[in-house]
Structures are given as C-alpha cells and as structure tokens.
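Below you'll find the structure, written out as structure tokens, and then a few comments.
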Amino acid sequence: MATTQQKPKLAVWKFASCDGCQLSLLDCEDELLAVAGAVDIAFFPEATRATMPGPYDVSLVEGSITTEEDIERIQMIRQSSTFLVTIGACATAGGIQALRNFKDVKEFVDIVYARPEYISTLEKSTAIGDHVFVDFELRGCPVNKYQLVEVLSAYINGRKPITPSYSVCMECKRRGTVCVMVAHGTPCLGPITHAGCGAICPAYNRGCYGCFGPMETPNTSSLATWWQQLGVQDVDIVRAFRSFNAYSEAFRKEARAHEHQE
C-alpha cells in the first residue's frame, strides 16, 4: 500500500520587530497560495491560530534578540528546525532598535517607563545570527516578497536560494535610472547597499537609505570619502549609517570612523 508523502513543515517566528516582514509573506497572494499547497504551515500566528508541534523543516525568523527569554527561545527554535532563515533587518542586523546599542539603555528605560524596575531587557538588540547558526539571511526593511518566496521555495525543494549579491546601483542601471549622486550630487548609499528594493528611492530622485543593509564586500570608506567631497559633514555620515541596519558590521564600523568623541 502506497504511503502519502508528508509535506515539509513551515514555522514563522517573531521576536522584537514590527511584523513587516511577515506581512511581506502574506502579501504574496497567488505565490503564497502555491507555497501553502506545498507545505504544512505548522506555526504562523500572523496568519493562523492553528499550530503543529515540531520539529520543523524550515523556520523563518523575524525580529531581533532583546531579552534573556529571547535567547532561550531562539535556541529552542534552532534545535527544532532543519533550516533556519532570518528575514529582515531586525533579524539580520538588530534592526532600528539596535540604535540603543550606542547609548545607555538604562537611561532610556528610566525616561520612558513610569516603573522602570518592571522592565527586563538586554543592553543591546542583536541579530539572530549572534546567538545561533543561521542557514540563510534575507535582508531588507521589509524583505522583498519575491525574494522571500524564492528562498522558501529553494529550501522546500532542496536547492540553494538564488538572490542577488550586488548593490542597488545595478538595479538603477536596469531600470534606466540616472545616478542621483553623479547627476545631482545627492548623497546615496546605493553603491554599498544590498539589492532588493528595485531602487525605489533613486527613481524618485532620492538617495538610497540602505534599507537592505550592506552588500557583499561593501567599500564604505570610499563612499564616505565621496560624500565628504559632496560637502556632507561627519555627523550626517554617522546618521546615514545608523538607521535600519545600524549594527551590521560594515555600517557600524564606518559610523564609528566618523564619530567624534567629545
């Protein structure tokens, strides 16, 4: 008697984040229907209350680690997952909340909360990869939904994901967008930022904000030098590198290089 082949189990987990990357998956519509037919969605609170116990074939993880409980939970998820994929700037670089890493977090807690003694948090917001082994990192704030489907499809079908490793500049050239930095002298992070957004900002004569984090082997110091020649002050260079992916290694080091200690 023939047995029915069991579908791969998919789990989607949330840590400190805005849910934007999970919404990118839900926004896939037709593509998501195809994915749903190929897997058993075992855990995905954003989409369904139904749950299935592990182990899981693929786990998608959104959000950064910000508490001691987060550390314990991500270790449990890693142990129960064959493949673990981090999605978005929070999971891959600590997210916008990693701006706390450059200040005294206790000072923030004392100012914001009426009863700070009830708040238990780590001093730093860190990427998932700082705590457990990650099989693949998908960058973006939020992630590109088509790249997300590609990565998910790849692991379901036992192949390597195919996502770009080049910079936003390539996307500008493909859509015929004139370089805003060359043509208008507009500071732009495009030359060092991972592709994925489709070069939206330069298409509207705005410099890239670095939402997808550093590309492979980014030459941040060279770009910063060009910015200085455009008249950008060090304080503004630091601010540009400290946004969605502030705690990614390349952006963090370049920001520190232009930070003047009082």
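Throughout, read-outs are computed from the coordinates displayed, never taken from laboratory work. Given the structure is predicted, the values throughout are model-derived calculations rather than measurements. Positions of Cβ are backbone-derived with ideal geometry, glycine not excepted, and every protein chain shown enters the neighbour counts.
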Inset, instruction - Could you grab the relative contact order for segment 9-156? Cα pairs under 8 Å, six or more apart, rounded to a whole percent. - result: 30
Legend entry - Lys/Arg +1, Asp/Glu -1 at C-beta; the chain dipole; positive extreme among Asn245, Val182, Ala50: Val182
Inset, instruction - Could you tell me what % of all Cα pairs in segment 143-191 have separations over 15 Å? - result: 58
Inset, instruction - Take every Cα-Cα distance within segment 75-171, group them into 10 Å bins from 0 onward, and report for each bin the whole-number percent of pairs it holds. - result: 14, 34, 29, 16, 6, 0
Inset, instruction - Find the centroid of the Cα atoms in segment 51-124 and in segment 233-259, then give the distance between the two in whole Å. - result: 22
Inset, instruction - Quick one: work out the % antiparallel among DSSP beta bridges in the chain, nearest 5. - result: 25
Legend entry - Under the Debye formula (equal points on every Cα, no solvent term), log10 I(q)/I(0) of the chain at q = 0.16 Å⁻¹: -1.20
Inset, instruction - For segment 9-156, compute Rh as the Kirkwood radius over C-alpha pairs and then the Stokes-Einstein diffusion coefficient at 25 °C and 0.890 mPa s; write the answer in µm²/s, rounded to an integer. - result: 155
Inset, instruction - Compute the separation of the alpha-carbon centres of segment 136-200 and segment 11-33 and state it in Å as a whole number. - result: 18
Legend entry - Within the chain: Cβ-based charge dipole about Cα centre, in debye rounded to nearest 20 (Lys, Arg +1; Asp, Glu -1): 540
Inset, instruction - Would you work out the charge dipole size for segment 108-153 about its Cα centre, treating the Cβ of every Lys and Arg as +1 and the Cβ of every Asp and Glu as -1, and quote it to the nearest 20 debye? - result: 180
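Kindly put Tyr247, Tyr155 in sequence by how many other C-beta atoms sit within 10 Å of each C-beta, fewest to most.
Tyr155, Tyr247
Which whole-number percent gives the relative contact order of the chain, counting Cα pairs below 8 Å spaced six or more residues apart?
Values: 488 pairs, mean separation 44.8, N = 262.
Across the chain, relative contact order equals 17 percent.
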Legend entry - Compactness of segment 144-226, expressed as Rg and Dmax over alpha-carbon positions, Å: 14.1, 46
